[in-house]
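Asks: Right, I'll just put the structure down here and ask away after.
The values are calculated or read from the model by the stated rules, or taken from the named source; none is laboratory data. Everything quoted here is computed from the prediction, not taken from an experiment. Because the Cβ atoms are built from the backbone with ideal geometry, glycine has one as well, and the counts that use them run over all protein chains shown.
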Amino acid sequence: MTRKLALVAALLVLLLTFAYAAVRRQAGVIGDLLGGRERTSVSHSMIVDKVRAVAKLVTSETTIRDVVVYKNTWYGSTKQSLVVVTGRLLAGIDMNRGADVKVDDAAKRIEITLPKAGIMALEISDMQTYDERGGLWNPFTPADRDNILRLARGQIMRSATSLNVTAHAEKSAADLLTSLFSTDGYTASVRFVPQLQPVDGSR
């Protein structure tokens, strides 16, 4: 008797499973006919949150070594030094300057507009002084060291401009964002503009 009940229960489970599968298939057909097939969609707020999170991480780190020549003359007495300076630059996107996202769900297209990249941080990691010569009545002072450091920072920034460090940061950001959002049939594009208003996440 117990074996018969177990067999009946197994048959019932099997029949219910087939019935459920048939209902699901039928519902799928009806949904297709009514245009109700499930579709993947993304929201503006979701994109903005991800862009903010990613853009804060996207930076381009560059190490630059340059030479600074410092001279100072006082009443005909000249002091000078040659300094080899090494600086570490971080370039990235300041999300406080805003961003804009447009989602075309029908065309499965995402357009992301970000502020242009800039220098986020500059650290002078090393300074080696060569050929330092003080004047007869114009010796080196702590103020000279400060001036040399200021000149070194300016020199590194000029070198960063000539090396297009910010352009590299923008390319890194664009590559990462397009890769992140080009899924589920969506295509993403990224462009950079000088200035934007803060993001309105309520759209």
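Asks: What are the residues in the range 68-85 that are surrounded by 12 or more Cβ atoms within 10 Å (Cβ to Cβ) and either touching a residue at least 24 places away in the same chain (Cβ under 8 Å) or farther than 14 Å from Y130 by Cβ (or both), if any?
Replies: Of everything in the range 68-85, those that are surrounded by 12 or more Cβ atoms within 10 Å (Cβ to Cβ) and either touching a residue at least 24 places away in the same chain (Cβ under 8 Å) or farther than 14 Å from Y130 by Cβ (or both) turn out to be V68, Y70, N72, S77, T78, K79, Q80, S81, L82, V83, V84, V85.
Asks: Something else: Any residue at all in the range 195-202 that's outside any loop (DSSP other than H, G, I, E, B) and either in contact with a strand residue (DSSP E or B) (Cβ under 9 Å, 6 or more places away or on another chain) or among the hydroxyl-bearing types (S, T, Y) (or both)?
Replies: no
Asks: Could you please find all residues in the range 102-115 being touching a residue at least 60 places away in the same chain (Cβ under 8 Å) and touching an Asp or Glu at 6+ places or on another chain (Cβ under 7 Å)?
Replies: Once the filter is applied, which keeps residues that are touching a residue at least 60 places away in the same chain (Cβ under 8 Å) and touching an Asp or Glu at 6+ places or on another chain (Cβ under 7 Å), the range 102-115 yields T113, P115.
Asks: Is it fair to say A117 is closer than 20 Å to G98 by Cβ and either modelled with pLDDT of 90 or more or assigned by TED's automatic domain parsing to the domain that holds R65 (or both)?
Replies: It is true that A117 is closer than 20 Å to G98 by Cβ and either modelled with pLDDT of 90 or more or assigned by TED's automatic domain parsing to the domain that holds R65 (or both).
Asks: If I ask for residues that are among the aromatic types (F, W, Y) and either within 13 Å of the chain's Cα centre (by Cα) or assigned to a strand (DSSP E or B) (or both), which ones from the range 56-107 would you list?
Replies: Result: Y70, W74.
Asks: For the range 139-158, give me each residue that is surrounded by 17 or more Cβ atoms within 10 Å (Cβ to Cβ) and outside any loop (DSSP other than H, G, I, E, B).
Replies: D144, I148, A152, Q155, I156
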